[in-house]
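Structure record follows, encoded as C-alpha cells.
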Amino acid sequence: MTIRAVIVEDHALTRTGLHTALSAAGIHVVGEAADGITALDTMHEHEPDVAVVDIGLPGRDGIELTQLIRKQLPDTHVVIVTMIDLEQEVVAALAAGADAYCVKTAPPERMIEAVRIAAEGGAYFDPAIAHVVLRRFAPNAAEATASPLTPRESAILERIAAGVSNAEIAKDLGIGLGTVKGHVRSILEKLSAADRTQAAVVALRRGYI
C-alpha cells in the first residue's frame with residue numbers, strides 16, 4: 001500500500017526538499033501547506049496516512065496543529081520535523097500526540113524511515129533526541145520488566161539511543177568494531193527489532209535502558 005502524506009512547512013525550499021525525498025522513496029505527497037491554518041483544511045481534504053509537520057509554523061504552531069489532527073483526524077499519524085532539539089519542544093510534541101520526531105539536520109533516509117514507521121502505527125524518535133525521551137518517558141524501576149540484554153549489550157544500546165555510531169561505540173568501550181556489530185545483531189534479535197532506532201524505542205518502552 002502506498003503511503004499518502006501531506007507536508008506542512010513554511011519554508012518553500014525545505015518543503016520542496018521534503019517532497020522530493022519522500023516522492024523518491026515511493027511515498028505519495030498528496031498535499032502541502034505553508035502555515036498551520038490552511039494545513040488543517042488540507043488535512044481534511046486529503047485525509048493522509050501521515051502528516052509531516054514543522055513545529056515553527058505561522059498562524060498556528062505545529063504543536064497545536066498536531067493536537068487538532070489527533071482530535072479531528074485520528075487515522076492520520078504525525079511526524080514532527082524541526083531544527084529545534086530542545087527538551088521542551090520534544091516533550092511538547094510527544095505530549096501533543098506526535099508519532100515521530102525528526103530534526104531537519106538528519107539525513108533524508110531517517111525522515112523516510114520515520115514516515116514509514118508512523119504510517120504503520122509505530123513510534124520513531126530521532127537518535128539526536130532519544131536521550132530526552134529516555135529521561136522523560138522511561139518507566140520507573142518498579143514498572144520495568146526484566147531485560148534479556150547482557151550488561152555489555154545494555155551499554156551499547158544506551159549509546160545507540162544517544163545517537164552514537166558503531167565506530168564511536170567501539171572506541172568508547174575499547175572493543176573492536178566487529179565486536180560492536182555482533183552485539184548490535186544480538187540486540188536486534190533479542191528485541192525483535194528491525195534496526196538500531198527501533199531497538200532503542202523498544203528498550204525504552206520496556207525499561208531495559
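Any read-out appearing in this document is the output of simple, stated calculations on the displayed coordinates, not a laboratory observation. Not measured: the values here are computed from a predicted model. Cβ placement follows ideal geometry from the backbone for every residue including glycine, while neighbour counts extend to all protein chains displayed.
With N denoting the number of residues in segment 4-126, provide Rg(C-alpha) divided by 2.2 N^0.38 Å, to two decimal places. Mind showing how you got there, number by number?
On the way: Rg = 12.4 Å, N = 123, 2.2 N^0.38 = 13.7 Å.
Normalised Cα radius of gyration, segment 4-126: 0.90.
By a straight-distance test (C-alpha under 29 Å), which lysines pair with residue 71 as possible cross-link partners, with residues fewer than eight away in the same chain excluded?
Partners within reach: 104.
Only Lys, Arg, Asp and Glu count, each charged at its Cβ (+1, +1, -1, -1), so figure out the dipole size of the chain about its Cα centre, rounded to 20 debye.
Details: 19 positive and 27 negative charges, 185 e Å.
Here the size comes out at about 880 debye.
Quote the charge dipole size of segment 138-206 about the Cα centre in Debye, to the nearest 20; the model charges only the Cβ of Lys and Arg (+1) and of Asp and Glu (-1).
Details: 9 positive and 7 negative charges, 23 e Å.
Charge dipole, segment 138-206, about its Cα centre: 120 debye, nearest 20.
How much mean residue ellipticity at 222 nm does the chain get from its helices, if each DSSP H run of length 4 or more adds -39500 (n - 2.57) and you divide by all residues, to the nearest 500 deg cm²/dmol?
Details: 10 runs with 110 residues, N = 209.
Value at 222 nm, helices only: -16000 deg cm²/dmol.
Please state the equivalent ellipsoid semi-axes for the chain: what are the square roots of 5 times the Cα gyration tensor eigenvalues, largest first, in whole Å?
Working: eigenvalues 209, 62, 45 Å².
They are 32, 18, 15 Å, listed from largest to smallest.
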